[in-house]
1. Pairs, please: C-beta under 9 Å, at least 6 apart or cross-chain, first residue free of Cβ contacts under 8 Å to residues at least 24 places away in the same chain and of a type outside the set (G, A, S) and in the stretch 5-21, second within 12 Å of the ligand (Cβ to nearest atom) and in a helix (DSSP H, G or I)?
2. Is it the case that the stretch 48-59 has a residue that's under 21 Å from A239 (Cα atoms) and within 12 Å of the ligand (Cβ to nearest atom)?
3. Any idea which of L126, L132 is under 19 Å from the mean Cα position of the chain (by Cα), more than 22 Å from D205 (Cβ to Cβ) and at pLDDT 95 or above?
4. Looking only at the stretch 41-73, which residues are part of a loop (DSSP other than H, G, I, E, B), over 13 Å from A27 (Cα atoms) and touching a residue at least 60 places away in the same chain (Cβ under 8 Å)?
5. Pairs under 6 Å by beta carbon, first residue open to solvent by 40 Å² or more (accessible area, probe 1.4 Å) in the stretch 230-249, partner within 10 Å of the ligand (Cβ to nearest atom) and not in a loop (DSSP other than H, G, I, E, B), six or more apart or different chains?
6. Does the stretch 1-31 hold any residues that are assigned to a loop (DSSP other than H, G, I, E, B) and farther than 15 Å from L63 by Cα, and which are they?
7. So which residues in the stretch 121-153 are among the aliphatic types (A, V, I, L, M), assigned to a helix (DSSP H, G or I), over 25 Å from A239 (Cα atoms) and open to solvent by 20 Å² or more (accessible area, probe 1.4 Å), if there are any at all?
8. Suppose we filter A80, A27 for residues that are among the small types (G, A, S) and more than 9 Å from the ligand (Cβ to nearest atom); which single one remains?
Amino acid sequence: MGIVGVTGRMGLELVRALHTADGAILAAAVARSGHPAVGKDAGAMAGLMPDEVLVRADLVASLAGLDVVIDFSRAAVVGATAEACGAAGVALLVGTTGLDGATQRSLDAAARRVPVLVAANTSLGLNVLLELVERASRALPNSFDIEIFETHHRHKLDAPSGTALALGEAAARGKGAPSARAPWPDARLGARGHGIGFAVARGGDVVGEHDVRFLGHGEQLRLSHVATDRAIFARGAVAAATWLAGQPAGRYRMADFLFPPQ
Ligand code: NAD
């Protein structure tokens, strides 16, 4: 397995996750050209025993002999990763967020030749929550209001979190509605209308908490996920990438890995 963006926070988590993973080993570690880690041992860089995989900047040369690549780098890098993986016949899991339309088209092109999975959140628990929210939303009548609460550390820049929006999308899908993104109501004044509400808290070192509430008359259903360690994203990515390597070409989601057809 190869990692693109190996010098980043998530890249280092991926090296550590691979160290203890079943059925997958680190075989290539790709950093941006000119990064001081180029030429160094990837395991040692992640605080582990040296694993004799050297950090390299040459993506195309690094792909030789790989079955799958995980990219947690920068949005502007992903198009090149997709093109290289498509050309080399290497499966690709992308955890990098903020991808633009041109990058999505590069991923679509690669997916005609290799399996490609894109996930803005690779936590296994959170992806199960997405499925549960969609199912609960489908089952419950429209008289249940849907409110999504999220809390993150004080440094997070975007709000609501991409994951909170994805939970809203899942709830909207359950209702057969196209999108949950219509803001509701801006200042939280006046009687509640229809639609899915979002509430945000920021502070401290909270890794990520998401709470979806279905508020009915005389009952509430609450579905929650609490992340306490960034390593969950790396472990989920490694597990999904190991599965992805054995799939035919095409576009995949985490749900395809977690909920295979019976
Ligand atoms: P980071 O800034 O710590 O790491 C990004 C790394 O990519 C940096 O080390 C940078 O040097 C490297 N890079 C830049 N250009 C490169 C190139 N051409 N080739 C190889 N490497 C290159 O960021 P991070 O916190 O590790 O997050 C990385 C991405 O993953 C972000 O888009 C983030 O939003 C996303 N993310 C996704 C999940 C998920 O669950 N899918 C979880 C956390 C973060």
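The values are calculated or read from the model by the stated rules, or taken from the named source; none is laboratory data. All values reported here derive from a predicted model rather than from experimental measurement. Backbone-built Cβ (ideal geometry, glycine too); neighbour counts: all protein chains shown. What goes into the accessible areas is simple: the full protein's heavy atoms, side chains included, and nothing from ligands, DNA or RNA. Shrake-Rupley method; radii C 1.70, N 1.55, O 1.52, S 1.80 Å.
1. As it stands, the answer is T20/R235, since those pairs meet every condition given.
2. Looking through the stretch 48-59, none of the residues is under 21 Å from A239 (Cα atoms) and within 12 Å of the ligand (Cβ to nearest atom).
3. The unique qualifying residue is L132.
4. If the condition is that a residue be part of a loop (DSSP other than H, G, I, E, B), over 13 Å from A27 (Cα atoms) and touching a residue at least 60 places away in the same chain (Cβ under 8 Å), then F72, S73 are the ones that fit.
5. Correct list of pairs: R230/E13.
6. T7, G8, T20, A21, D22, G23, A24
7. If the condition is that a residue be among the aliphatic types (A, V, I, L, M), assigned to a helix (DSSP H, G or I), over 25 Å from A239 (Cα atoms) and open to solvent by 20 Å² or more (accessible area, probe 1.4 Å), then A139 is the only one that fits.
8. Sole residue among the options that is among the small types (G, A, S) and more than 9 Å from the ligand (Cβ to nearest atom): A27.
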